[in-house]
1. Run the dipole for the protein assembly as shown about the Cα centre, Lys and Arg Cβ at +1, Asp and Glu Cβ at -1, nothing else charged, and hand back the magnitude in debye, nearest 20.
2. Skip the ligands, DNA and RNA, and give the accessible area per residue of segment B:3-136 with a 1.4 Å probe, whole Å².
3. Based on Cβ point charges of +1 for Lys and Arg and -1 for Asp and Glu, what charge dipole magnitude is obtained for chain A about its Cα centre, in debye rounded to the nearest 20?
4. Relative to the longest principal axis of the C-alpha atoms of chain B, give the angle of the C-alpha long axis of helix B:3-13, reported between 0 and 90° and rounded to the nearest 10°.
5. Other chains' Cβ within 10 Å of B:107-119 residues: what's the mean?
6. How many Å² of accessible area per residue for segment A:9-108, probe 1.4 Å?
7. Among residues other than residue A:81 whose Cβ falls under 12 Å from its Cβ, what is the net charge (Lys/Arg +1, Asp/Glu -1)?
8. Can you give the Kirkwood hydrodynamic radius of the protein assembly as shown from its Cα pairs, in Å with one decimal?
Amino acid sequence: MSTNLATPRIRAPRSARAGEVVEIRTLMEHPMETGLRQEGGRTIPRDMLTRMRVRLNGEALLEAEFRNGTAANPFHVFFVRIERASELEFTWTDEAGRTARATHRIALA
Amino acid sequence: MNLTRRATLALTLLPFAAAASDDALNAAIRAEIGEATPTEGGITLRVPPVAENGGQVPVTVLVDSPQSAERHVTAIHLFATRNPTPGIASFKLGPALARAEIQTRIRMAENQTLVVLARMNDGSVQRATAEIRVATGGCLT
């Protein structure tokens with residue numbers, strides 16, 4: 001189990017017109033080990049992210065709870081309508097309570 | 001290597017066939033939607049008909065919903081019928097999401113059904129399923 005979570009990767013536009021719908025792509029490197037896998041007769045210890053929270057200008061936008069069926073290196077895409085200059089905040093939390101954060105600003109074009 | 005040989009290879013690499021029971025699936029569903037009775041339809045699922053790598057199966061869920069104050073999706077839940085455990089992920093949607101669409105990547109241990117439930121703001125639940133064939137299992141290997 002690593003001591004720190006990886007640095008999240010966010011792909012989203014830097015600017016948008018008022019009312020425009022923009023695509024947000026997030027990738028978080030993480031093994032998402034379920035504790036069910038074996039290698040060389042040994043069980044690989046469980047190491048899972050539990051959730052991803054996304055806020056838009058301080059308000060809840062999307063909250064994901066991950067279970068065993070979410071693939072390693074969780075990748076998510078979703079769509080947001082931008083009405084004003086905005087800040088997105090992303091937080092991933094693992095089962096040990098460690099967090100990784102990222103922010104992304106979108107200016108009005 | 002053709003698909004049949006690959007599937008056979010995948011099976012021999014699995015230490016055991018540890019699929020969750022129907023009871024576990026039903027319990028996981030009840031834990032998310034309570035006693036609500038889902039209505040079929042209203043959800044578009046985009047999945048590959050055959051997943052070469054069961055460890056990374058791309059899934060798009062799009063619920064037919066205006067995402068207006070009057071009618072919007074509040075949560076989307078994904079379940080696997082033949083994984084060692086049924087839970088995949090749950091998503092809570094906020095009002096600023098432009099549409100009730102989530103793209104994610106999931107694990108599939110073997111050929112099975114993906115079950116997706118969407119809860120609407122009025123408490124009703126919609127359901128859709130997709131069959132996914134898996135060439136190489138993605139949970140235990």
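1. With Lys and Arg at +1 and Asp and Glu at -1, about 640 debye.
2. Details: 6170 Å² over 134 residues.
That works out to 46 Å² for each residue.
3. Numbers: 17 positive and 14 negative charges, 45 e Å.
Charge dipole of chain A: 220 debye, to the nearest 20.
4. For helix B:3-13, the angle is close to 80 degrees.
5. Details: counts 8, 2, 3, 0, 0, 0, 0, 1, 0, 0, 0, 0, 0.
Neighbouring Cβ atoms belonging to other protein chains average 1 per residue here.
6. Spelled out: the 1.4 Å probe surface of segment A:9-108, per residue, equals 48 Å².
7. Local charge sum for residue A:81: 0.
8. Hydrodynamic radius (Kirkwood, Cα pairs) of the protein assembly as shown is 18.9 Å.
The values are calculated or read from the model by the stated rules, or taken from the named source; none is laboratory data. As the structure is a prediction and not an experimental result, all values here were calculated from the model. Please note: Cβ atoms are built from the backbone with ideal geometry, for glycine as well, and neighbour counts cover all protein chains shown. To get the accessible areas, we keep the full protein, side chains included, count just its heavy atoms, and leave off ligands, DNA and RNA. Shrake-Rupley method; radii C 1.70, N 1.55, O 1.52, S 1.80 Å.
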